[in-house]
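The values are calculated or read from the model by the stated rules, or taken from the named source; none is laboratory data. Remember, it's a predicted structure, so these values are computed and weren't measured experimentally. Here the Cβ positions follow ideal geometry from the backbone for every residue, glycine too, while neighbour counts run over all protein chains shown. We work out accessible area using only protein heavy atoms, side chains counted, and drop any ligands, DNA or RNA first. Shrake-Rupley method; radii C 1.70, N 1.55, O 1.52, S 1.80 Å.
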Amino acid sequence: MRLHYHRRRVADLAGGLRLARAGAERERWPREQLERFQHERLDALVRHAARHSPLYRERLAGTLDGRVRLEQLPMVTKAEMMERFDDLVCDPGLRRNALLDWVETLDEDRLHPTGHRVMTTSGSSGRKGLFVYDRDGWRAFVAMWIRNSAAAGTGPRIPRLRYAMITGAAPTHMSRQGSATLSIGLHRMLGLPVTLPIDQLVAALNRFQPQALYSYPSLAMLLAEEQRAGRLRLDLDVLITGSELRTAAMSERLTEAFGVAPYDLYATTEGLWAGECERHDGLHLFEDMALFENVDAAGQPVPPGTLGARVLVTNLCNRVQPIIRMELADAITVEPEPCPCGRTLRRMRAVEGRSEDALALPGRAGRAITVLPAQFALVTRDREVGEFQVVQEGARLRILVVPRPSAGGELEGRLRVAVADRLSALGVDHPQVVVERRDALRRSAGGKLPLVVADR
C-alpha cells in the first residue's frame, strides 16, 4: 500500500513538472490565444459535469446546445456544495459522510482508496469545506506551486534547496499534502505545523537552516521578532507568505528582519492560485488553470481597478468534483494594466478581508501569548460543527457555534475542553473559554465571516 503511495507521489511530481513547463509558456501567450485555450477547457469541463454530475445534469439541462458562456452558468456557494456534495461529484462511489469519516482517521499523508486526494478546509469564512481531487487535478496543484516557486527563485537546483514550509496541522490540509508530494526529491523539505508553539518552531528552523521559507504572514511576523531578538538565526534567500493579508508595513518589517523582500502567494483549495513575480507588483493569477470573476455583492462583474466583494472560481483541471463559479468571500482588485515583466496573466492586488486577527492572551510566564487563528482549526474538525467564530473579550474567548442538525448535547463541553487544552499547551494562563450555540452568525456586507474577532 505504501509502495503504491510512494510511486504515485513520484508520478505526481513528474506530471506536475511537465504541466509547469507548459504553463510557463502560456504565461506569455497573447491574450487572444490564452482566451481560446480557456474556453476550450471550460467547454470540456462543463460538458463533462453535465454528463457525470447529477447536480449539473439537473442545472444545465437544455442549456448546452450552443457555445458555453461562463457568465450564464449557475453560481454555487460552499454551503450548497457541502449540502449537495453527493450530487455534485462525478464519482458515485464518493459520499460526503463516508469521506468525512475517512479523513478523521488520518494521522499521515495518504491517498483515498479511490486514488483521489481528499482535503478539508475551515476556510477564511469559518465554513467547513470538503474537496476531492483526481490525479490530473492534483498534478495541476503541484504545477502551480512549481510555477510560483520558479517566479520566486526557488526552482529545482543542485545541490537541492533546503525549503521549510509551515503548513496546516491536519493531514487533510492542502499545504501539508502539497509539502508531502514535493518532499520526494525536488527540494530538501521540512514541514512544520503552524500550531507548534513558537519556541519549538524556532528550534526546528535553527536546526534545519532553510534557504527558503513559506509561512502565514501572521506567523512570519512572530518569526521576524524572534530573528530580531537573536533567538532565530536564519540566512534566507527567499521568503514566501500566503493565506492571509500581508500589509505593506508587514512586508517592510519582514524585509528588515530577514534581509529579503517577501513574495506573496494566494492559493485556494478551490483551485485559484496567484503569485508575485520578481517585480513584487501584484499577484499573477494562473488563469490558464482556473477562471476567476471579480464581482460585487450582487454577483455583477466589477471593472479592473475596482474593489470587488466576492470572487467566482471555475477550476479547469479537476473533473471528479466540478467547481464552476463557486463563490469565495475574498475582496480583490484586478490591476487594469499588464505587468512590465511580460507575462500576460492578469494581476490582482493583495486580498483584502482574508486576514483574521491574531489574539494576545495572558501567559503563565508574565508575557502575552500570541494565538494565531489556525489554532482554532480543531473546532472545525469536529463533525458536529457547521461554522463558528471566536470572539475575544479581554482574557476570555467566546466561541459561537452553528451546529449541524446531528449535534448532540455534549458539543459545548467537548469544544470548551479541547480549546482550553490547546491554549494551555501554548502557555496561556488559566484559559477562559465559553462556547455558545447560534442559529446563524452575522456576516459583513460582503458576505465575510471573520473567523476571529480580536479585542483591540
Calculated over region 299-426: convex hull of Cα atoms, volume per residue (Å³):
195 Å³
Residue separation times 0.36 nm, minus the C-alpha to C-alpha distance between residue 360 and residue 417: what's the value?
18.6 nm
Can you give the charge dipole size of the chain about its Cα centre, rounded to the nearest 20 debye, using +1 on the beta carbon of Lys and Arg and -1 on the beta carbon of Asp and Glu?
940 debye
Please give the per residue accessible area of region 60-192, computed with a probe of 1.4 Å over protein heavy atoms only, in Å².
39 Å²
For region 198-348, the Rg and Dmax computed from alpha carbons only, in angstrom
17.5, 51
Subtracting the Cα-Cα distance from 0.36 nm times the residue separation, let me have the gained length for residue 64 to residue 48 in nm, one decimal.
4.6 nm
From the list (1) 54; (2) 51; (3) 47, can you say which value of percent of Cα pairs over 28 Å apart was derived from the structure given?
(2)
Over its Cα atoms, what ratio of radius of gyration to 2.2 N^0.38 Å does region 46-159 give?
1.30
Please figure out what share of the DSSP beta bridges in region 110-229 is antiparallel and state it in percent, rounded to the nearest 5.
35 percent
Counting only C-alpha contacts under 8 Å and six or more residues apart, can you give the relative contact order of region 164-262 as a whole percent?
25 percent
Could you grab the Rg to Rh ratio for region 221-281? Cα atoms only, Kirkwood for Rh.
1.01
When the chain is fully extended, how far beyond the present Cα-Cα distance does residue 57 get from residue 98, taking 0.36 nm per residue of separation?
12.4 nm
Using a cut-off of under 15 Å, list every residue of region 1-39 whose amide N is near the label point 7 Å from the Cα of residue 105 along the Cα-to-beta-carbon line.
1-2
Taking the alpha-carbon set of region 159-223, what are its Rg and Dmax in Å?
11.3, 31
Quick check: the distance between the Cα centres of region 210-242 and region 13-63, to the nearest angstrom?
37 Å
With r defined as the distance between the Cβ atoms of residue 255 and residue 297 and R0 fixed at 41 Å, what FRET efficiency is calculated, to the nearest 0.05?
0.70
Among the helices of the chain (complete DSSP H runs), which have Cα atoms covering no less than 27 Å along the helix axis and a Kyte-Doolittle mean of at least -1.0?
2-26
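Could you rank 29, 138, 102 by how accessible they are, 1.4 Å probe, largest area first?
29, 102, 138
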Pairwise centroid distance, computed over Cα atoms, of region 151-168 with region 78-122, Å
30 Å
If N is the residue count of region 106-248, its Cα Rg over 2.2 N^0.38 Å rounds to 1.07
With the crude spin-label approximation of a point 7 Å out along Cα→Cβ, what separation in nm comes out for residue 430 versus residue 209?
4.5 nm
Would you rank 250, 81 by solvent-accessible area, highest first, keeping every protein chain in place and using a 1.4 Å probe?
250, 81
Taking Cα pairs closer than 8 Å and at least 6 residues apart, the relative contact order of the chain in percent is 14 percent
Approximate spin-label separation residue 17-residue 29, in nm, with each point projected 7 Å along Cα-to-Cβ
2.4 nm
In nm, the gap between the two label points placed 7 Å beyond Cα toward Cβ at residue 136 and residue 39 is 2.0 nm
Helical contribution to [θ] at 222 nm, DSSP H n ≥ 4, -39,500 (n - 2.57), averaged over the chain, rounded to 500:
-10500 deg cm²/dmol
Using a 1.4 Å probe on the protein heavy atoms, what percent of the accessible area of the chain belongs to carbon and sulfur?
50 percent
Would you kindly calculate the mean projected area, averaged across all directions, of the convex hull enclosing the Cα atoms of region 265-328, in square nanometres?
4.7 nm²
Only sites in a loop by DSSP and with at most 16 other Cβ atoms within 10 Å count here; which GluC sites (Glu not before Pro) in region 381-415 make the cut?
384, 410
